[in-house]
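Right, one structure below, let's go through it.
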Amino acid sequence: MRFSKLRLNGFKSFVDPTDLIIADGLTGVVGPNGCGKSNLLEALRWVMGENRPTAMRGGGMEDVIFAGTATRPARNFAEVSLQIDNTKRLAPTTFNEGDFLDVVRRITRDIGSAYKANTKDVRARDVQMLFADASTGAHSPALVRQGQISELINAKPKARRRVLEEAAGISGLYARRHEAELKLRGAETNLLRVDDVIEQLGNQLSQLARQAKQA
């Protein structure tokens, strides 16, 4: 999976639509402090399904929307679009019809986030699994944010294991396993309820049989 373009609109300091073209090879982004370099990385995490406001350096998810300045009014929404090169047809079957896969996340004040993949409405879970199956995603170890190296050094073994699983590309398998286990647990609960209903109906049938004999 190769990213080819990142578009930001109303996301943090990128009030106007801005395209970052990701060409083959190494793409570097340079600039002075405060120009928005970290916002690009956060936009990439966000469009891939990041749901923790703290990871966006905010108190709430709506903090990613441009808040306004003395000369520019605040925006009511923020949108990030990630274009993925799909010429090798490695995307899931549902989104594998074109040479490019466009994943879009949009957040509107007082409404919340919505996702689209190739103009089709999808769930946040669908987007997260799409990237997890490709050994990447919002929590990929390839996306190193400020302070993450020191956090990894001081991390507990369980946290380090998650990083290694992400790097090995098996986090998607664990996520699908967890989802399957939840479904299985739900099915087992439903079976227990069915047994209770059958027992209750059996008792009612016995009572009706006795009443029929007495009649």
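Quick note: the coordinates plus some simple rules give every number you see, no bench work behind them. On a predicted model such as this, the values are computed, not experimentally measured, just so you know. Neighbour counts run over all protein chains shown; Cβ positions are idealised from the backbone, glycine included.
I'd like the orientation of helix 171-214 relative to the chain: the angle between its Cα long axis and the longest Cα principal axis, in ° from 0 to 90, rounded to 10. Around 20 degrees separate the two axes. Relative to the first principal axis of the alpha-carbon coordinates of the chain, what is the inclination of helix 157-168, with its axis defined by its Cα atoms, in degrees from 0 to 90 and to the nearest 10? The angle comes out at about 70 degrees.
Sequence-distant contacts, meaning Cα pairs under 8 Å at least 6 residues apart, place the relative contact order of the chain at 16 percent.
Averaging 1/r over each pair of different alpha-carbon atoms in segment 1-52 and inverting the result gives 12.0 Å, the Kirkwood hydrodynamic radius. With N counted as the residues of segment 43-85, its alpha-carbon radius of gyration over 2.2 N^0.38 Å works out to 1.30. Ranking Q83, M129, I111 by Cα position along the charge dipole of segment 72-139, where only Lys, Arg, Asp and Glu carry charges on their C-beta atoms, puts I111 farthest toward the positive end. Taking every DSSP helix (H) stretch of at least 4 residues in the chain, weighting each as -39,500 (n - 2.57) and dividing the sum by the residue count yields a mean residue ellipticity at 222 nm of -12500 deg cm²/dmol.
Taking Cα centre as origin and charging only the Cβ of basic (Lys, Arg, +1) and acidic (Asp, Glu, -1) residues, the dipole magnitude of the chain rounds to 360 debye. A simple rule links phi to the HN-Hα coupling: the Karplus curve 6.51 cos²θ - 1.76 cosθ + 1.60 with θ = phi - 60°, which for segment 118-124 gives 6, 6, 9, 5, 9, 8, 4 Hz, with x for Gly and Pro.
How large is log10 I(q)/I(0) at q = 0.34 Å⁻¹ when the Debye formula is applied to the Cα atoms of segment 176-215, each weighted equally and without solvent? Log10 I(q)/I(0), no solvent term: -0.96. Across all Cα atoms of segment 53-130, the radius of gyration (one decimal) and Dmax (whole number) stand at 15.1, 47 Å. A Cα-only calculation for segment 1-106 places Rg and Dmax at 14.9, 47 Å.
Roughly speaking, what % of Cα-Cα pairs in the chain are separated by over 29 Å, rounded to a whole number? Everything past 29 Å amounts to 41 percent. Taking each residue as 0.36 nm, the span from H178 to D16 lengthens on full extension beyond its C-alpha to C-alpha distance by 54.3 nm. Partner lysines whose Cα lies under 23 Å from the Cα of K37, excluding those fewer than 8 positions away in the same chain, are identified as K5, K12. Packing around the peptides 7-20, 97-110, taken as the average count of other Cβ atoms within 10 Å per residue, puts them in this order, highest first: 7-20, 97-110.
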